[in-house]
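The values are calculated or read from the model by the stated rules, or taken from the named source; none is laboratory data. As the structure is a computational prediction, the values presented were derived from the model and not from experiment. Every residue, glycine as well, gets a Cβ built from its backbone with ideal geometry; the counts of neighbours run over all protein chains shown.
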Amino acid sequence: MAGALTSESVTAEQLPRRESWPQAGQGPRGGDSIDFDRLIRRACELGAIEAKPIEPRSVVTAPWVRLKCQFGCPHYNTRHCCPPHTPTYEEFRKVLDCYTQALLIHSQGMDVSPTRIVVELEIEVFLSGYHKALSLGAGPCWLCKECCPDRCVHPLKARPAMEACGIDVYSTVRANGYSIEVVRNRSQVPNRYGLLLID
Ligand code: SF4
């Protein structure tokens, strides 16, 4: 049905007016099913072009992912949110298995940060009662010009990328019906993704 909001996928054009989340102590408790339609609308308000609920078990982890960070990314070991400071794929598989709900958000281009979107959602979902809410973004952390060597100075906002935790983003995205391709030059608009784990 044209214009209908469903938990399958919602685009920015389908956005209704902004709604507020329940205040702390008034919302659901962890383990309850979340209102994905509302969550998707918020993701689009924050800049996502679409978002959908996915099964945490559909998130693909693989041993080769860290090697793509270690050999090929100039930011390896330069940020607290980058490997080797992040969980291995084996460790993060165990983390994924602690969750029963997840939201995959899709943004396009480099002007919109999927990390910023999922962090904002994580904070709102946490405050509404889902105490295990945890978000992962895309790419290295750019909150500081240079990463503080001693400790992260923005722990409320800084989150690792999915790939930094051993997630095969390409396989995960495709398995859930979204598209992603290798970007070959600067004229191509990248599809970028963020993940919010909820329970
Ligand atoms: S917020 Fe700053 S200190 Fe923290 S990981 Fe990002 S760049 Fe490093």
Is there any pair linking a residue in the range 139-154 that is closer than 15 Å to Tyr76 by Cα to one that is within 8 Å of the ligand (Cβ to nearest atom) and of a type in the set (A, V, I, L, M), with Cβ under 6 Å and at least six apart or on different chains, and which?
Cys141/Ala158
Sole exception among (1) more than 12 Å from the chain's Cα centre (by Cα); (2) within 22 Å of Leu67 (Cβ to Cβ) for Ala161, by number
(1)
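Listed here are the residues, each with its yes/no results for (1) at pLDDT 95 or above; (2) away from the ligand (no atom under 15 Å from the Cβ); (3) touching a Lys or Arg at 6+ places or on another chain (Cβ under 7 Å).
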position: Thr100; (1), (2), (3): yes, yes, no
position: Ser113; (1), (2), (3): yes, no, no
position: Arg116; (1), (2), (3): yes, no, no
position: Leu134; (1), (2), (3): yes, yes, no
position: Gly137; (1), (2), (3): yes, no, yes
position: Cys147; (1), (2), (3): yes, no, yes
position: Pro160; (1), (2), (3): yes, no, no
position: Gly166; (1), (2), (3): yes, yes, yes
position: Thr172; (1), (2), (3): yes, yes, no
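Condition check ((1) in a helix (DSSP H, G or I); (2) out of contact with any helix residue (DSSP H, G or I) (no Cβ under 9 Å at 6 or more places or on another chain); (3) polar (S, T, N, Q); (4) crowded, with 19+ Cβ neighbours inside 10 Å) across all residues:
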| residue | (1), (2), (3), (4) |
| --- | --- |
| His75 | no, no, no, no |
| Pro83 | no, no, no, yes |
| Leu104 | no, no, no, yes |
| Val112 | no, yes, no, no |
| Thr115 | yes, yes, yes, yes |
| Val119 | yes, yes, no, yes |
Can you find a residue that is not in a loop (DSSP other than H, G, I, E, B) and not acidic (Asp, Glu) anywhere in the range 141-160?
no
In this structure, does Glu124 turn out to be within 15 Å of the chain's Cα centre (by Cα), within 19 Å of Leu39 (Cα to Cα), of a type in the set (Asp, Glu) and more than 16 Å from the ligand (Cβ to nearest atom)?
yes
